[in-house]
Amino acid sequence: MKQFNIPELGENISSATIVKVMVKVGDVVEVDQTVLELETDKATIELPCDVSGKITEMKVADGDQVSIGQVVFTLEEGAAADTPAAEAPAPAAEVKEAPAAQEKAPEAAQPATAVEEEKEEVFTPAPATTTNPPKAIAVDNQPPILSNAAPAAPSVRRLAREIGVDVNQIKGSGPGGRILLDDVKAFSKKLHEQGNPMRQQAPGASAPQVPLPDFSKFGEITVEAMSNIRTKTAEHLSYAWQTIPHVTQFDKADVTALEAFRKSYAKTADKEGVKITVTAILVKIVSAALKKFPQFNASVDMQRRSIIYKKYVNVGIAVDTDFGLIVPVIRNADQMTVIEIAREMNALAERARNKKSSIADMTGGCFTISNLGGIGGTAFTPIVNTPEVAILGVSRGAIEPVWIDGKFEPRMMLPFSLSYDHRVIDGADGIRFLRWIIDAIENPMKFIVEG
Ligand code: CAO
């Protein structure tokens, strides 16, 4: 009898949530067949099987929190499948059509008492969730401290999150101090009796739930459950917005010469099988800027009153996908040529859009670039991707009249919006950093000398 276990998913990843179990008891699985869709706080991953055989026992279900090494199912070698091909489980694409309903199913099917029996949750580090232990929240940008996680089942955490209660403030009445659903309800009631629902809000927790009006009174509506990625994005951005004092500075670079070069170089790049886009060039320049201005390649640890400076340069790229915003990371971008960056960026974006990102693709970022210019816009205020301390937004390049040597000249101008964490970066540094980037774009020779 063999078994399939949750493999290592990447550095600092100790657990994940099962979005979908794609096989069932009686199925014959092959090596490399996708058997689970897993989600960490960074990515959704389709997990291939590394063993083959007939599944004899399934030990997990949709929505379970699983840890590295945990047994997923057991198999018997060389046995025939129980189910004829026509009755085989729904293919991945079909299953994917109704993620929300599938995620909710196990919880809805269980009575409250059964939910209380759930297995102890192995808490997933997720910097943005309301389930962060209080100490972790106080640390601001730091990921939660695992050992401090309140003992509570996933359904209990979910209820707390949904009604805007910080589970870590609740004293559990269950065995070993375990927090039960009733504890959450009683805690919430007490807070409301005290007349200040805001008291339950730890820094970074999402806003308390204010009852919504019945919109259907005003017209037709449809209601969709949030996907896991959308939920995580919402929590992460709320956390960043509430903990980081944001400043955004705007400026423009004259990219006329850069655009002319891109056009002239297109054929050569073609031979390399890549397209040199503005984003790829920006990754290169930003990587050099991060070395020149280390306070932009940092994280804040308010608990220890310290700033962590990184000697490595990993640049995250915001990628727009059908299922939401994903930020894959180009590792050691400072050591790559623009061609290598372009190639890596394409590969990462493609994997992200096909839901094939690995954990390594999604972690370890130092700074993020969000280029919305391919779509449009003149400026925006990007939210810092905590625990990073700055993000560069790029809007649409356009030809503008620029006053040069006593006359207007048509120049291609690229707008930038740099947001940063004012706790560690002062305004003067912010504009120095942005001006250095613009200078490097406009004077590539200076960049070669200094960058
Ligand atoms: N101004 C004008 N044109 C731009 C531009 C800009 N700032 N940035 C890109 N373009 C152009 C490109 O040159 C290309 O045009 P051509 O096909 O004529 O050469 C076209 O727009 C498409 O570019 P691209 O998207 O294929 O390539 P990219 O490397 O510039 O960008 C990526 C890659 C992954 C950043 C982009 O595809 C993307 O997903 N952007 C959205 C990011 C996002 O969602 N940010 C929001 C985060 S906060 O919610």
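The values are calculated or read from the model by the stated rules, or taken from the named source; none is laboratory data. Bear in mind the structure is a predicted one, so any value in this text is a computation, not a measurement. Quick reminder, even Gly has a Cβ in these numbers, built from the backbone with ideal geometry, and neighbours come from all protein chains shown.
Okay, here's what the table says:
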read-out: Residue within the range 300-315 that is in contact (Cβ under 8 Å) with a residue 60 or more places away in the chain and within 12 Å of the ligand (Cβ to nearest atom) present; value: no
read-out: Flag for Ala342 being without any contact (Cβ under 8 Å) to a residue 60 or more places away in the chain and within 14 Å of the ligand (Cβ to nearest atom); value: no
read-out: Index of the failed condition, Lys291 passing every other in (1) farther than 26 Å from Asp254 by Cα; (2) more than 12 Å from the ligand (Cβ to nearest atom); (3) basic (Lys, Arg); value: (1)
read-out: In the range 63-80, the residues that are at pLDDT 90 or above and part of a loop (DSSP other than H, G, I, E, B); value: Gln70
read-out: Subset tally (residues that are within 22 Å of the chain's Cα centre (by Cα) and not basic (Lys, Arg)) for the range 264-312; value: 16
read-out: Complete set of residues in the range 23-54 that are of a type outside the set (Asp, Glu) and under 27 Å from Ala234 (Cα atoms); value: Leu36, Leu38, Thr40, Lys42, Ala43, Thr44, Ile45, Leu47
read-out: Residue list for the range 39-59, filter: under 22 Å from the mean Cα position of the chain (by Cα) and either crowded, with 20+ Cβ neighbours inside 10 Å or charged (D, E, K, R) (or both); value: Glu39, Thr40, Asp41, Lys42, Ala43, Thr44, Ile45, Glu46
read-out: Of the criteria (1) at pLDDT 95 or above; (2) buried (at least 17 other Cβ atoms within 10 Å of the Cβ); (3) not acidic (Asp, Glu), which one Lys292 fails; value: (2)
read-out: Strands (runs of 3 or more DSSP E) lying entirely in the range 1-45 (those with 1 or more residues that are within 20 Å of Leu325 (Cβ to Cβ) and at pLDDT below 90); value: 15-21, 34-39
read-out: Matching residues, the range 248-272, being more than 10 Å from the ligand (Cβ to nearest atom), farther than 30 Å from Ile425 by Cβ and either in a helix (DSSP H, G or I) or hydrophobic (A, V, I, L, M, F, W, C) (or both); value: Ala260, Phe261, Ser264, Tyr265, Lys267, Thr268, Ala269, Asp270, Lys271
read-out: Candidates Ile317, Ile307 - the one that is more than 17 Å from Ile229 (Cα to Cα) and β-branched (Val, Ile, Thr); value: Ile307
read-out: Ser358 vs. criteria in contact (Cβ under 8 Å) with a residue 40 or more places away in the chain, surrounded by fewer than 17 Cβ atoms within 10 Å (Cβ to Cβ) and under 25 Å from the mean Cα position of the chain (by Cα); value: yes
read-out: Among (1) within 9 Å of the ligand (Cβ to nearest atom); (2) outside any loop (DSSP other than H, G, I, E, B), the one test that Lys275 misses; value: (2)
read-out: Candidates Lys292, Lys284, Lys310, filtered to the one that is in contact with a Phe, Trp or Tyr (Cβ under 7 Å, 6 or more places away or on another chain) and under 25 Å from Phe433 (Cα atoms); value: Lys292
read-out: Entirely in the range 346-439, the strands (runs of 3 or more DSSP E) that have 2 or more residues that are away from the ligand (no atom under 15 Å from the Cβ); value: 398-404, 407-421
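The rows are residues; the columns are (1) surrounded by 15 or more Cβ atoms within 10 Å (Cβ to Cβ); (2) at pLDDT 95 or above; (3) among the hydroxyl-bearing types (Ser, Thr, Tyr).
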{"position": "Gly204", "(1), (2), (3)": "yes, no, no"}
{"position": "Leu212", "(1), (2), (3)": "no, no, no"}
{"position": "Ser216", "(1), (2), (3)": "no, yes, yes"}
{"position": "Gly219", "(1), (2), (3)": "no, yes, no"}
{"position": "Thr222", "(1), (2), (3)": "no, yes, yes"}
{"position": "Met226", "(1), (2), (3)": "no, no, no"}
{"position": "Thr233", "(1), (2), (3)": "yes, no, yes"}
{"position": "Ala240", "(1), (2), (3)": "yes, yes, no"}
{"position": "His246", "(1), (2), (3)": "yes, yes, no"}
